[in-house]
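The values are calculated or read from the model by the stated rules, or taken from the named source; none is laboratory data. As the structure is a computational prediction, the values presented were derived from the model and not from experiment. Because the Cβ atoms are built from the backbone with ideal geometry, glycine has one as well, and the counts that use them run over all protein chains shown. These area figures cover heavy atoms from the full protein model, side chains too; ligands, DNA and RNA do not enter into them. Shrake-Rupley method; radii C 1.70, N 1.55, O 1.52, S 1.80 Å.
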Amino acid sequence: MAATGLQVSVNRRRKVVRLAYVAPFTQGRPGAHWYAAHHALPRLLSRAANATVHAYVYDPDEGEEVIAYGNGRRVGGERVVYENVDLPEGKPEDLDEAAFKHMQSRWPLGHLAHVFGLSRQELLKLPLAAQGRVLVLEGTPADADAALEALLPVSVAPHAH
């Protein structure tokens, strides 16, 4: 079986951190459906960090969804199923690229990107960011610490245990 991990991607300019599980069951269309049903990480992070945490699902053929969590509870969300989108009058091929991009900016991922100060394309490319690492979950804590320190260079005083 392939290793499982936690992918950490960062856009330092906008101070956005993306976390995603990496495993055979999170890949492709089945992975999008898996993410749609598994929100324990964002729910718990929202409580632990006392911050709003957004979970999103993107299936380029089916649709997109964004769900917001605050203090461990769902506090908002929106979903678009692409086949249900009302296109402007006329034939779909009459819709020019600029008009279509404007339409997408109003969909859940476009709105989330706007909240973060990113373009929709930047948000969708975040998993491919050069500033990203996969933390192998079967590794040692020292391996994860080193990978995170390289990704998020922040001086933090060690906690006494």
Once the dipole of the range 1-91 is set up with Lys and Arg at +1 and Asp and Glu at -1 on Cβ about the Cα centre, which of Val80, His33, Gln7 lies farthest towards its positive end? Gln7
Would you mind classifying the range 1-87 by shape? Square roots of the alpha carbon gyration tensor eigenvalues, ordered a ≥ b ≥ c; an a/c under 1.5 is rounded, otherwise it is prolate if a/b is larger than b/c and oblate if not. oblate
Given R₀ = 30 Å, FRET efficiency for Arg73-His33 by Cβ-Cβ distance, to 0.05? 0.85
With every protein chain present, what is the per residue accessible area of the range 1-91 (1.4 Å probe, Å²)? 63 Å²
Two-decimal log10 I(q)/I(0) for the range 1-145, as the Debye equation yields it once each C-alpha is a single scatterer, q = 0.13, 0.14, 0.18, 0.19 Å⁻¹: -0.65, -0.75, -1.19, -1.30
For the range 37-100, listing GluC sites (Glu not before Pro) in a DSSP loop whose Cβ sees at most 11 other Cβ atoms within 10 Å gives Glu89
On a full-extension model of 0.36 nm per residue, what is the gain between Ala129 and Lys101, subtracting their alpha-carbon distance, rounded to one decimal in nm? 7.9 nm
With all protein chains in place and a 1.4 Å probe, Phe25 shows an accessible area in Å² (nearest 10) of 100 Å²
In debye, nearest 20, what is the charge dipole magnitude of the range 1-92 about its Cα centre with +1 on Lys and Arg Cβ and -1 on Asp and Glu Cβ, if you could check? 780 debye
Accessible surface of Tyr21 - all protein chains present, 1.4 Å probe, nearest 10 Å²: 80 Å²
Could you compute how much accessible surface Glu149 exposes when probed at 1.4 Å, giving the result in Å² to the nearest 10? 130 Å²
